[in-house]
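The values are calculated or read from the model by the stated rules, or taken from the named source; none is laboratory data. Since we're looking at a predicted model, the values are computed, not measured. So basically every Cβ, Gly included, is an ideal-geometry build from the backbone, and we count neighbours across all protein chains shown. Protein only, heavy atoms only, side chains kept; ligands, DNA and RNA dropped before computing areas. Shrake-Rupley method; radii C 1.70, N 1.55, O 1.52, S 1.80 Å.
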Amino acid sequence: MTLIVQKFGGTSMADVDTIGIVADIVAATRRDHDVVVVVSAMSGQTNYLVDLARSLQSVPDLREMDVLLSTGEQVSMALLAMALKARGVDAQSFTGGQVKVSTDQVHGKARITSIGDTAIRNVLAQGKVAVVAGFQGVDQDGNITTLGRGGSDTSAVALAAVLHAQECQIYTDVDGVYTTDPRIEPNARRLAKITFEEMLEMASLGAKVLQIRSVEFAGKYKVPLRVLSTFKQGPGTLITLEDQQMEQALISGIAFNRDEAKITIMGVPDRPGVAFSILGKVADNNVEVDIIIQNTGVDGLTDFTFTVHRNDFRQTMDLLQPVVKELQARELNGDDRIVKVSLVGVGMRSHAGIAATMFKTLSDEGINVEMISTSEIKISVVVNEKYLELAVRALHRQFDLDQEPPD
Ligand code: ADP
Ligand code: ASP
Ligand code: MG
């Protein structure tokens with residue numbers, strides 16, 4: 001019998017009623033397939049546990065945090081197994097450790113190094129559904145680890161790869177991947193298909209519908225991946241390899257990220273080693289940098305701007321104060337009220353002028369572009385956060401994303 005991996009996110013596991021809906025979907029799939037189910041914590045539970053931890057220790061111990069957070073998924077897996085049994089579908093739940101999801105030792109954002117398939121294969125051979133806790137694994141010393149927020153997507157894809165599943169289905173509260181987040185643009189359109197490459201860009205640029213690593217894994221191990229709704233029937237969106245027949249829209253979607261902040265050092269001496277003095281210090285403190293811009297020097301001075309995660313903004317400003325003094329730069333400025341809006345599409349490779357159209361559209365709306373970054377299949381701009389909705393909607397309209405592309 002063919003095997004399907006189905007993952008259900010927090011909103012699907014919100015309460016006993018939605019867990020009942022999930023159990024019905026799994027039971028229906030079980031009629032024709034072997035099924036492995038991966039579950040997230042009940043919605044809001046992970047945030048609740050994070051808040052509890054912070055109220056006891058301002059920077060919670062990383063090991064204990066993972067012990068705590070992994071309980072959310074453990075609750076879900078047991079409840080779903082019970083709901084399945086109540087429907088006459090035999091099922092058995094597993095923690096990450098019980099399935100032997102091995103990871104490195106980076107608590108809070110561990111990477112999977114290997115997954116055992118024996119325990120699951122045994123249970124499937126007995127005709128049961130295997131219900132696996134997402135988001136968690138164990139390191140080489142047996143410590144519980146977690147895979148980063150949204151990590152159950154990655155658990156599901158990794159399991160699908162190891163078990164050679166026919167498809168990995170990510171069930172959530174939207175019925176597929178849309179041209180942009182439908183919460184921001186009600187005219188967003190569901191895509192029937194999107195390439196791994198585009199989905200990876202969308203996820204990296206802020207579309208949280210799939211965790212980035214899950215898309216990386218699916219691309220690498222060629223796992224057919226589909227995003228579907230728990231609450232509305234339909235074909236969802238297939239994430240797939242690029243093929244010639246695919247609708248080659250110029251732009252597939254618009255992603256945005258509200259989690260960034262911008263830092264500028266003005267009047268920096270324009271000489272070798274300056275970028276290293278600034279960014280070296282930032283990297284030494286494990287702060288990741290996204291967009292970087294250095295202006296052309298004038299009179300031996302230049303300006304240097306880059307973006308970091310908003311959570312790292314204060315710390316980065318503080319650690320750059322001494323650097324600014326050492327370099328005898330003029331000024332350090334920061335702005336944590338910015339957002340990054342990005343156009344994504346493989347069709348961009350063969351078309352000039354998209355950037356120009358993007359900038360014109362934003363300027364017609366009176367939106368000032370503060371930074372620009374491009375790659376082969378994306379263009380990103382940084383704008384003030386008050387323009388997020390306006391920018392996304394104007395670009396969505398300009399590039400006709402609400403219309404089916406012509407055949
Ligand atoms: P789950 O709890 O099921 O993992 P998430 O909240 O992680 O669900 O992901 C689903 C959400 O992703 C949707 O509710 C939607 O608001 C958001 N989202 C962002 N960008 C997109 C997009 N391009 N297409 C669909 N959903 C998107
Ligand atoms: N429960 C975890 C989170 O909220 C993992 C997940 O849902 O994928 O991030
Ligand atoms: Mg998610």
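In segment 231-243, what count of residues is obtained for those that are at pLDDT 95 or above and either open to solvent by 10 Å² or more (accessible area, probe 1.4 Å) or assigned to a helix (DSSP H, G or I) (or both)? Walk me through how you get there before you give the answer.
Pass one, segment 231-243, residues at pLDDT 95 or above: 231-239.
Pick out the ones that are also either open to solvent by 10 Å² or more (accessible area, probe 1.4 Å) or assigned to a helix (DSSP H, G or I) (or both) and you get 231-235, 238.
Residues meeting the conditions: 6.
Of all residues being open to solvent by less than 10 Å² (accessible area, probe 1.4 Å) and at negative phi in segment 164-176, which is nearest to ligand 3 (Cβ to nearest atom)? Just the residue, please.
Checked segment 164-176; the qualifying residue nearest to ligand 3 (Cβ to nearest atom) is ILE170.
Of the conditions (1) under 18 Å from LEU79 (Cα atoms); (2) in contact with a Gly (Cβ under 7 Å, 6 or more places away or on another chain); (3) open to solvent by 30 Å² or more (accessible area, probe 1.4 Å), GLY134 fails just one. Which one is it?
Against the list (1) under 18 Å from LEU79 (Cα atoms); (2) in contact with a Gly (Cβ under 7 Å, 6 or more places away or on another chain); (3) open to solvent by 30 Å² or more (accessible area, probe 1.4 Å), GLY134 comes up short only on (3).
Could you check how many residues of segment 177-192 are surrounded by 20 or more Cβ atoms within 10 Å (Cβ to Cβ) and away from ligand 3 (no atom under 14 Å from the Cβ)?
Adding up the residues that qualify gives 6.
Please work out which residue is most open to solvent (accessible area, probe 1.4 Å), limiting yourself to segment 259-276 and to residues that are of a type outside the set (D, E, K, R) and part of a strand (DSSP E or B).
Looking at the filtered set, the residue picked out is MET266.
Tell me which residues, restricted to segment 277-293, are touching a residue at least 24 places away in the same chain (Cβ under 8 Å), open to solvent by 40 Å² or more (accessible area, probe 1.4 Å) and part of a loop (DSSP other than H, G, I, E, B).
ASN285, GLU288
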